[in-house]
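The values are calculated or read from the model by the stated rules, or taken from the named source; none is laboratory data. Worth saying up front: this structure is predicted, and the values here are computed from it rather than measured. Cβ placement follows ideal geometry from the backbone for every residue including glycine, while neighbour counts extend to all protein chains displayed. Accessible surface areas use protein heavy atoms only, side chains included; no ligands, DNA or RNA. Shrake-Rupley method; radii C 1.70, N 1.55, O 1.52, S 1.80 Å.
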Amino acid sequence: MAATGLRYFGYGHPPMHRFRLGLEFVLSGHREVNRMIAHHAAIARMLGEQLDLRRPVLDALGAAYERWDGRGWPGNLKGEDVPLPSRIAQLAEYAEVAHRIGGVEGATRLALERRGKQFDPEVADLLALEAAAVFAELDEPSTWGAVVLAEPGLAVLLDDERYDRALAAIASFIDLKSPYFLGHARAVSELAAEAGAGIGLAGNDVQALRRAGLVHDFGRLGVSNAVLDKPGPLGPGEWERLRLQPYVTDRMLRQSDALAPLARIVVQHREHLDGSGYPHGLSGSGIGQLARILGAADAYQAMREPRPHRSPLGAQQAADELRREAEAGRLDAAAVEAVLGAAGHRVPRRREGPAGLTPREVEVLRLLARGLSNKEIAVRLTISPKTVGNHADHIYAKINAPSRAAAAFFAMQNGLLPEEEFPSAAAA
C-alpha cells in the first residue's frame with residue numbers, strides 16, 4: 001500500500017519535485033498522516049455543529065478514528081470511553097469493505113482478528129455471531145428513506161432557514177477539498193441569486209438559484225485532487241472524470257425528494273447552447289433559464305479565483321471572457337449580462353476581521369487557507385517568514401482552529417473567502 005501511494009506522490013509535477021515529496025514522506029510522513037486523520041475527525045465534528053446535530057452525534061464524530069486499544073486518532077480515548085456509535089461505525093466501515101472483497105467469511109475473519117485491538121470485542125463477536133443476518137441484504141438497493149423509516153428519530157423537518165444553513169455548511173465543507181475552491185459555492189450562490197433578482201425572476205426562482213449555487217459542485221467529491229489540483233494540462237482520461245462532475249452531483253441530489261428539483265438545474269449548468277457542453281451535450285432550448293444563469297455565474301466566479309494552472313483573472317478580464325463565450329454561442333447572452341450586472345455591484349469585503357483578527361491577520365488567514373507556505377506568504381506580503389509564523393499562531397489561537405483546514409472553514413463561514421462580496425439588492 002505504501003509503494004502504491006508513493007507512485008502517486010506529486011502526480012503531475014516535475015520528477016525532482018515528486019522525489020522530494022516522496023523523501024519527505026518517508027522521513028516524516030507518518031506524523032503528517034496522524035495529524036491528517038485527527039484533523040479529519042475534528043473537521044467532521046465542526047460540520048456536525050454547523051448542521052445542529054445533537055451532542056452525542058458530535059462526540060461520536062470526534063471519536064470516529066479512536067480504537068478500542070487506545071492506539072487510534074487523536075488517541076485520547078480507549079475502551080468503553082470511545083462512544084458506542086463510533087465503535088460500531090468503525091467496525092461497519094471496515095467490515096463492509098472486507099465483505100465486498102471476501103464475502104461473509106472475509107468480514108467475519110477481519111472482525112475476529114482485530115477484536116480487542118482496533119474493534120470493541122463485544123461488537124466484533126456480535127457481528128461474527130450474526131454475520132448472516134447482518135450481511136443478508138447488504139447488496140440490495142436501498143435508499144436513505146429506508147434508513148429513516150428504520151429509525152423514525154432521524155426524521156427531522158427543517159424550516160427554510162435551517163435548510164439553507166445546512167446546504168451552506170455542506171457546500172463549505174466540500175469546498176475544503178481543494179484550496180483553489182474555498183468559498184466558491186457561496187460566491188456562486190450569491191451571484192446567481194443576485195443575477196436572477198436583477199432580471200425580475202419570481203422569488204421562488206431566485207431561491208432555487210441561491211440553493212442550486214450552494215449544491216452545484218457536490219459532485220466534486222467524486223473527482224480526485226490529483227485532477228483538481230494538477231498544475232499542468234489535463235489528459236483525456238482526467239477530462240472525462242471532470243466532465244462527470246455535474247452527473248455525479250445530479251445523482252447525489254436525486255437521492256432526496258427535497259433536493260431533486262435542484263438537480264434538474266445543476267445537471268445542466270455546464271451545458272452549452274451550441275451543444276459543446278457536458279455531461280449530456282444539450283443545446284438550445286434543452287437548457288433551462290435557471291441553469292443558464294447558474295452556468296454563467298459559475299464560469300465568471302471560477303475565472304475570478306486562482307486555479308493550479310493560472311492566477312485569478314481581473315474583473316474586466318473575466319467579463320470580457322464571459323462575453324466572448326456568449327458571442328461564440330456557448331453561453332446565453334442574457335444570462336451573461338445578468339451575471340455581469342450583478343458582479344458590477346461588487347464591493348471589497350470588510351477590512352476588520354471576526355474574532356478580533358487584525359487586517360494583516362485576515363490577509364494571512366486567507367493565504368493560509370489557500371494552502372500557501374509561510375515562505376510563500378512572506379513573499380506575497382513582503383514580510384519575514386517568522387512574522388508570518390507569529391501571525392499564524394495568533395490566528396489559530398483567536399479562532400480556536402487546530403489546523404489549516406479548520407482555519408479555512410472558519411474563513412468561509414465568516415465571509416473572508418472569496419475576497420469579494422455582493423451588495424444587497426437594496427444597496428444596489
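For a protection proxy built on the mean count of beta-carbon atoms within 10 angstrom, sort 89-101, 165-177 highest first, please.
On the way: 89-101: 16.2, 165-177: 19.9.
Put in order of decreasing packing, that is 165-177, 89-101.
Please give the per residue accessible area of the chain, computed with a probe of 1.4 Å over protein heavy atoms only, in Å². Before the final figure, lay out each step's value.
On the way: 22530 Å² over 428 residues.
Roughly 53 Å² per residue, with all protein chains present.
Once you have the Cα-Cα distance between residue 101 and residue 274, take 0.36 nm times their residue separation minus that, and quote the gain in nm to one decimal. Intermediate results must be reported in sequence, preceding the final value.
Numbers: separation 173, 0.36 × 173 = 62.28 nm, distance 4.50 nm.
So the extension gain works out to 57.8 nm.
For the range 103-190, state the average projected area of the convex hull of the C-alpha atoms over all orientations, rounded to one decimal in nm². Numbers along the way, then the final one.
Working: hull surface 38.4 nm².
The orientation-averaged projected area of the Cα hull of the range 103-190 comes to 9.6 nm².
Tell me which of 239, 317, 170 sits at the most positive position along the dipole axis of the chain, charges placed on C-beta atoms (Lys, Arg +1; Asp, Glu -1).
It is 317, whose Cα lies furthest towards the positive end.
Put +1 on the Cβ of each Lys and Arg and -1 on the Cβ of each Asp and Glu in the chain; which of 410, 371, 280 then has its Cα farthest toward the positive end of the dipole?
371
With charges set only on the Cβ (+1 for Lys and Arg, -1 for Asp and Glu), what does the dipole of the chain come to about its Cα centre, in debye to the nearest 20? Kindly include the intermediate steps, with their values, before the conclusion.
Numbers: 50 positive and 53 negative charges, 320 e Å.
Rounded to the nearest 20 debye, it is 1540 debye.
Quick one: compute the contact order of the chain, relative version, from alpha carbon pairs under 8 angstrom and 6+ residues apart, as a percent.
Taking the mean separation of contacting Cα pairs over the length of the chain, I get 12 percent.
Output needed: percent of Cα pairs per 5 Å distance bin for the range 213-279, bins running from 0 to the one holding the longest distance.
In order of increasing distance, the bins hold 3, 18, 25, 21, 18, 9, 3, 1 percent.
Just to make sure I understand: if all protein chains stay in place, what is the order of 46, 36, 252 by accessible area at 1.4 Å, largest first? Don't jump to the answer; show the numbers that get you there.
Details: 46 45, 36 120, 252 70 Å².
From most accessible down to least: 36, 252, 46.
Considering the chain as a Gaussian network with a 10 Å cut-off on Cα pairs, which listed residue, 282, 138, 127, attains the greatest mean-square fluctuation?
Answer for the Gaussian network model of the chain: 138.
Which one of 394, 39, 216 has the biggest mean-square fluctuation once the chain is modelled by GNM with Cα springs under 10 Å?
Among 394, 39, 216, the largest mean-square fluctuation in the Gaussian network model of the chain belongs to 394.
Give 117/398; 117/177; 177/398; 230/375 a once-over and call out the pairs whose C-alpha atoms are over 28 Å from each other. Can you show the working numbers first?
Values: 117/398 38 Å; 117/177 31 Å; 177/398 24 Å; 230/375 21 Å.
Checking Cα-Cα distances, 117/398; 117/177 exceed 28 Å.
At a 1.4 Å probe, what is the % contribution of carbon and sulfur to the accessible area of the chain? It would help to have the intermediate numbers written out before the result.
Numbers: 12790 of 22530 Å².
Of the solvent-accessible surface of the chain, carbon and sulfur hold 57 percent.
According to a simple spin-label model (label point 7 Å from Cα along Cα-to-Cβ), what is the distance in nm between residue 221 and residue 382?
It is 4.4 nm.
Treat the range 38-148 as a sphere of radius equal to its Kirkwood radius over Cα pairs and apply Stokes-Einstein at 37 °C in a medium of 0.692 mPa s; give the translational diffusion coefficient in µm²/s, rounded to a whole number. Mind dumping the intermediate values first?
Numbers: Rh = 14.8 Å.
Using the Kirkwood radius from Cα pairs, D works out to 222 µm²/s.
Modelled label-to-label distance, residue 315 and residue 157, 7 Å Cα→beta-carbon offset: nm?
With each label point 7 Å from Cα toward Cβ, the separation is 4.4 nm.
Computed from these coordinates, which is mean projected area of the Cα convex hull in nm²: (i) 20.0; (ii) 23.2; (iii) 37.9?
(ii)
Could you pull the Cα extents of the range 282-403 along its three principal axes, largest to smallest, in whole Å?
The Cα atoms of the range 282-403 stretch 56, 27, 24 Å along the principal axes, largest first.
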